[in-house]
1. Name the one entry in LYS306, LYS252 that is under 28 Å from VAL26 (Cα atoms), basic (Lys, Arg) and in contact with a strand residue (DSSP E or B) (Cβ under 8 Å, 6 or more places away or on another chain).
2. Is there any pair linking a residue in the stretch 168-181 that is more than 18 Å from LYS154 (Cβ to Cβ) to one that is part of a loop (DSSP other than H, G, I, E, B) and not aliphatic (A, V, I, L, M), with Cβ under 8 Å and at least six apart or on different chains, and which?
3. What pairs can you find where one residue is in the stretch 39-62 and farther than 27 Å from THR133 by Cβ and in contact (Cβ under 8 Å) with a residue 24 or more places away in the chain, the other is β-branched (Val, Ile, Thr) and surrounded by 15 or more Cβ atoms within 10 Å (Cβ to Cβ), and their Cβ atoms are less than 8 Å apart, with a gap of 6+ or different chains?
4. Go through the residues of the stretch 44-64 one by one and say whether even a single one is crowded, with 24+ Cβ neighbours inside 10 Å, in a helix (DSSP H, G or I) and not assigned by TED's automatic domain parsing to the domain that holds TYR136.
5. If I filter the stretch 114-125 for residues that are without any contact (Cβ under 8 Å) to a residue 12 or more places away in the chain and in a loop (DSSP other than H, G, I, E, B), do I get at least one hit?
Amino acid sequence: MKKALFLAAFTALAGLSQAQAADTKVSIGISGWTGFAPLTLAKEAGIFKKHGLDVSVVKVPQASRHLALASGDIQCAATTVETWIVWNAAGVATTQLFQLDVSHGADGIAAKPGIDKVADLKGKAVAASAPGTSPYFLLAYILVKNGMSMKDVKVVNMEPGPAAQALLAGQNDAAVTYEPYLSAVRAAPDKGKIIATTVDYPAVMDTFGCTNAFLKDHPDAAKALAASYYDALEMIKTDKDKSYEIMGKDVKQSGKEFGESAAYLEWQDKAAAKKFFGSTFKTFSEEAAQILLDAGVIKNKPDLSKLADPSFIE
């Protein structure tokens, strides 16, 4: 009897071990941007695991995220639509799978008191991440929309968090940053003023993608990643307080503070993503590619028709 129980227990453990071994390993590169937080939620709440994925979520600066993809240190990443254009133009073959979020004021330009509009930035020192990143592109985009170019400002390369901190400390004239750092500026109107956001310049749309090599070897994992994201969005709907607490902890915010930051963006469900890839994605990619060319960020346009494959959304 004992032998039979032992064999049954051993078989169960072996089956569990085999199931765990079957989980597809995947490392995802992100930054501390509020819009990417559902990916952290999917990790911490066990949603990825439920879908047969062994996921590591790694913080990698946007300026070097493509290098991590190229080296194989990560297989997938979250970033803005135009950044995938930059990465593919640089020879890092990747494909966008599903949309993550749209910024509605969660990204913008903050400036010292006395600088009241975009035109006032001419000749000023503006802190922004390196060429090929979302903040750098957003600056270029906003300047173009105001009849200016990157040549009209002095760019100081700083990541979004330090850029906001430096502005509040009286350094530089302006900073391109995003949530949760933009809220620090909102809370200190005597030290900085937000002069432009994605409310007026809707140029920040985030998507999730992976290397083409990973997709070729693990198409089912790609579908599982998409399904996990949508399950995370459902958890936010059904248990917002717990979800905000988990997501806020990752960026050193309380659940309440995280919710306030999240109010400036909109996570995208399946229907929104499918509509996006069929319309806005195409027109925005064309416009973004031209701005990137004009700014000298890329030398040639990659084939824009091959940069996304929403068929993994089920």
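The values are calculated or read from the model by the stated rules, or taken from the named source; none is laboratory data. Worth saying up front: this structure is predicted, and the values here are computed from it rather than measured. Neighbour counts are summed over all protein chains in view; Cβ atoms, including those assigned to glycine, are modelled from backbone coordinates with ideal geometry.
1. Working: LYS252 fails: in contact with a strand residue (DSSP E or B) (Cβ under 8 Å, 6 or more places away or on another chain).
Of LYS306, LYS252, the one residue that is under 28 Å from VAL26 (Cα atoms), basic (Lys, Arg) and in contact with a strand residue (DSSP E or B) (Cβ under 8 Å, 6 or more places away or on another chain) is LYS306.
2. Between residues of the stretch 168-181 that are more than 18 Å from LYS154 (Cβ to Cβ) and residues that are part of a loop (DSSP other than H, G, I, E, B) and not aliphatic (A, V, I, L, M), the close pairs are LEU168/LYS191; LEU168/GLY192; TYR178/TRP33; GLU179/TRP33; GLU179/TYR264; PRO180/GLY32; PRO180/GLN253.
3. ALA45/ILE246; LYS49/VAL55; GLY52/THR24; LEU53/THR24; LEU53/VAL26; ASP54/THR24; ASP54/VAL26
4. yes
5. Of the residues in the stretch 114-125, the ones without any contact (Cβ under 8 Å) to a residue 12 or more places away in the chain are 114.
Among the residues that remain, those that are also in a loop (DSSP other than H, G, I, E, B) are: 114.
Yes: one or more hits.
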